[in-house]
Structures are given as structure tokens and as C-alpha cells.
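Okay, structure first, notes after.
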């Protein structure tokens, strides 16, 4: 299959996200809340500049779209955007803590099971249908989590919370179809900043002191630009032409690369039980994405059937 520019954009986005633990570990000595606060503020600043310089028409169109919607729809968009901001803030904070204070494996595992957990939440919350093979994949994932829980319950619990917050974030955003994602993200990051600033002390963040820390500013700027805004743009560009299912397959590149980094770069180790659990997760991913081939209907005698008449 020849890869188009949109395929390459999706591939690049998830490859970039796969290397996210490396610069994040450079800040392992800082409080997770400090890293999160500066990542949010710098990402928000960059998005504000981008929208102010080149996307003002998109912002105005999104505002007009929301204003023109019926009142129940406006409330639904407002609730989904606010809830998404809270969930995204919690997910970023927990992921930073897990990678820096627990292990890269635990962070990778969270995003490896996230698509399957999202499918389960879609079934429970939105009533989306699941194929039998997807139910089997969910069962294998549950078995994998049971095995990991036997070897380290705290790491597994944190991985599941990280996965749940992001899966819940994705579910909350499915009701916001048709709205510009980057505009919504800017609103959500604004909410995140408003939540984090009053809680900075409790989270171990020191906003004013951090402004004089060149290392913190440089690395969080890297996290904000290279590992947040750039891959988001690439992902949105890919979604303009590719179905979400195709982009979803690329999503697995991110945790797989992080797993390789955990073992080959950070020197982490896994027990035989953990390796068995990881193997079950990979098997469940294959099962979840398997689609049985649809049987081709035989052509009628006399050639290809005529197209049905156009309505009207």
C-alpha cells in the first residue's frame, strides 16, 4: 500500500508521541504539578498565537456555529467541553506522575489498553455495538490486568486510572462532532489553567519560581511545541482525509515505541508474569481490530447489475 501524505502525517504524530517519555524523564526531579502547569500554560500560549495569527476566521466560525445551535445542543457542547478540560488535565497530570515516579512500562500499558477501554465505555455510555471478537478482546485485556495486578497492584491501578481518564475524555468529545478540535482544545486548556493556578501550591507547583528556571522552561517548551501542538496538527491533518479507524490503528505505535524505550533505553525489566500479560494485551489488540472478510455476492447472469434508480 502506498502511503499518502495523510498516512505519513498520522505515522509521524504517533511516532513523536512514542518518544514523549524521554524529555519527560529529564524533568523527573520536578513535581508533576509543576511540569503540568508549565506544559498547559506554554501550550495555551502557542495555541493562542496560532489562532490569533492564522486561525481567527476558524475561531469566529466556531463561535458562530455554537451560537446558532439550539439551546439544548449549546448546553451539550458546553458540558462536553468543560468535562473534557477536566479529564484532559487529570490525564496529563497522572501520566506525568506515572512515567516519572512509577515506570515507563506503566504509562505505556495505560495507552495500550486505552482503545479497548474506550470501546467498552462507548458501549456502556453511548450504546455503541461491539462485535463478538471485540468482546473476546475485552476479556483478554481483563485477564491481562488480573495477571499484572498479581505482580504489582499499585502500578496497575495507576495505569488503569490513566487509561480511564483518557478514554472518558475521548467519549466526552464524541458528542462534539463538527466543531474545530483545536479551538475546543484551546478552550479546554484555558479551563485547565484556571483549575491549576489556584491549586498550584497543593500540586507542588511554583509558577513564579519556575519562570527563573531555564531547564524547566526549555524542556516544557519542547513538550508543548514538539510533543503536544505539532503532533496534534499532524493528527488533525491526517483525519481530514483518513477514516478514524485507520488513524486508530496508528495509535498503537505510541505505546509500542514507549515499551521499547522502557526496556532498551531506560533499562527497565519485566517479570515472566508481566511479559505474559503484555503478550495477552497484544493478542487482544489483534482480536479487537480483526474484521472478518465479507463474502462477495455472485454477479447475476448477464453481467453487472444496473444501479438502482435515483430517488426523486
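No lab work stands behind these numbers, since they all come straight from the coordinates. Given the structure is predicted, the values throughout are model-derived calculations rather than measurements. Because the Cβ atoms are built from the backbone with ideal geometry, glycine has one as well, and the counts that use them run over all protein chains shown.
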Q.
Taking every alpha carbon pair in the chain, what does the distance histogram look like in 20 angstrom bins from 0, in percent?
A. 28, 56, 14, 2, 0
Q: Arrange the following residues from fewest to most other Cβ atoms within 10 Å of their Cβ: 224, 144.
A: 224, 144
Q: Pick out which of 69, 193, 106 has the largest mean-square fluctuation in a Gaussian network model of the chain, springs linking Cα atoms closer than 10 Å.
A: 69
Q: Please find, in a Gaussian network model of the chain (springs between Cα atoms separated by less than 10 Å), the residue of 247, 125, 99 whose mean-square fluctuation is greatest.
A: 125
**Q.** Among 21, 115, 207: highest mean-square fluctuation, GNM of the chain, C-alpha pairs under 10 Å
**A.** 207
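Tell me, what does the Kirkwood hydrodynamic radius of the range 175-275 come to in angstroms if you use every pair of distinct C-alpha atoms?
17.3
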Q: With N set to the residue count of the range 33-168, report its C-alpha Rg divided by 2.2 N^0.38 Å to two decimal places.
A: 1.31
Q. Got the relative contact order for the chain handy, in percent, Cα pairs under 8 Å and 6 or more residues apart?
A. 41
Q: Quote to one decimal, in nm, the extra length available between residue 226 and residue 129 on full extension: 0.36 nm per residue of separation minus the C-alpha distance between them.
A: 31.3 nm
